[in-house]
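Chemist: Below: one structure in structure tokens.
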Amino acid sequence: MYCLIVWDKELAATAQDGCLDKVEIPKNLAHFFFQLDAEEFPALSSLSFDDYDMFSTSQMDSLIAELVAAAHIEPRLLSSIEIMVEKILEAKSLRKSVLFDSFRIS
């Protein structure tokens, strides 16, 4: 499963699950992100199934802008991208991070 997680680093640092909320990202959407141009989409194109990718509150506006631009390229992915943006805004309002996790099991 590939997930975008609202992540609490402080909880995780105390050996608790840092996941406050999550949304599953469809594999076709993840593959789409991985194939984007690295210059135009530095954050999304750097995602992978091989690692965790964490974004702090200072990076979230850029991440949201990349997601919106990606939705313009592939409008049929808009509803999934909108859900991701909602989770990022939730994390931002809580002053938490977002974590892209390819290893999480429901």
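Chemist: Can you tell which of 20, 29 is over 12 Å from the mean Cα position of the chain (by Cα), among the aliphatic types (A, V, I, L, M) and under 16 Å from residue 83 (Cα atoms)? Before you say what the answer is, go through the steps one by one.
Modeler: On the way: 29 fails: over 12 Å from the mean Cα position of the chain (by Cα).
Selected residue: 20, the only one of 20, 29 that is over 12 Å from the mean Cα position of the chain (by Cα), among the aliphatic types (A, V, I, L, M) and under 16 Å from residue 83 (Cα atoms).
Chemist: Go through region 53-106 and give me each residue that's modelled with pLDDT of 95 or more, in contact with a Lys or Arg (Cβ under 9 Å, 6 or more places away or on another chain) and assigned to a helix (DSSP H, G or I).
Modeler: Selection gives 60, 61, 64, 87, 90.
Chemist: Another question about this same structure. Would you mention how many residues in region 60-84 are polar (S, T, N, Q) and out of contact with any strand residue (DSSP E or B) (no Cβ under 9 Å at 6 or more places or on another chain)?
Modeler: Residues that pass the stated criteria total 1.
Chemist: Six or more apart or on different chains, Cβ under 7 Å: which pairs go from a residue in region 77-100 that's farther than 17 Å from residue 43 by Cα to one that's among the charged types (D, E, K, R) and at pLDDT 95 or above? Could you list them?
Modeler: Close Cβ pairs satisfying both conditions: 90/21; 96/8.
Chemist: Can you name the residue in region 75-106 that is among the acidic types (Asp, Glu) and surrounded by fewer than 14 Cβ atoms within 10 Å (Cβ to Cβ) and, of all such residues, is nearest to residue 21 (Cα to Cα)?
Modeler: 86
Chemist: A follow-up question, please. Can you find even one residue in region 40-49 that is assigned to a loop (DSSP other than H, G, I, E, B), more than 23 Å from residue 95 (Cβ to Cβ) and either touching a strand residue (DSSP E or B) at 6+ places or on another chain (Cβ under 8 Å) or modelled with pLDDT of 95 or more (or both)? So that I can check it myself, show each step before the final result.
Modeler: At the first step, the residues of region 40-49 found to be assigned to a loop (DSSP other than H, G, I, E, B) are 40-41, 47-49.
With the extra rule that they be more than 23 Å from residue 95 (Cβ to Cβ), the set shrinks to 40-41, 48-49.
Filter again for either touching a strand residue (DSSP E or B) at 6+ places or on another chain (Cβ under 8 Å) or modelled with pLDDT of 95 or more (or both), leaving 40-41.
Yes, because at least one residue in region 40-49 is assigned to a loop (DSSP other than H, G, I, E, B), more than 23 Å from residue 95 (Cβ to Cβ) and either touching a strand residue (DSSP E or B) at 6+ places or on another chain (Cβ under 8 Å) or modelled with pLDDT of 95 or more (or both).
Chemist: Could you please tell me which pairs satisfy a Cβ distance under 9 Å, a separation of 6+ or placement on different chains, a first residue in region 11-24 that is closer than 17 Å to residue 1 by Cα and acidic (Asp, Glu), and a second residue that is modelled with pLDDT under 95 and exposed (fewer than 11 other Cβ atoms within 10 Å of the Cβ)?
Modeler: Here the result reads 24/106, each pair linking region 11-24 to a residue that is modelled with pLDDT under 95 and exposed (fewer than 11 other Cβ atoms within 10 Å of the Cβ).
Chemist: Next up: Considering only region 72-106, state which residues are among the β-branched types (Val, Ile, Thr), within 13 Å of residue 5 (Cα to Cα) and over 14 Å from the mean Cα position of the chain (by Cα).
Modeler: Correct list: 105 only.
The values are calculated or read from the model by the stated rules, or taken from the named source; none is laboratory data. Please read all numbers here as calculations on a predicted model, not as lab measurements. Positions of Cβ are backbone-derived with ideal geometry, glycine not excepted, and every protein chain shown enters the neighbour counts.
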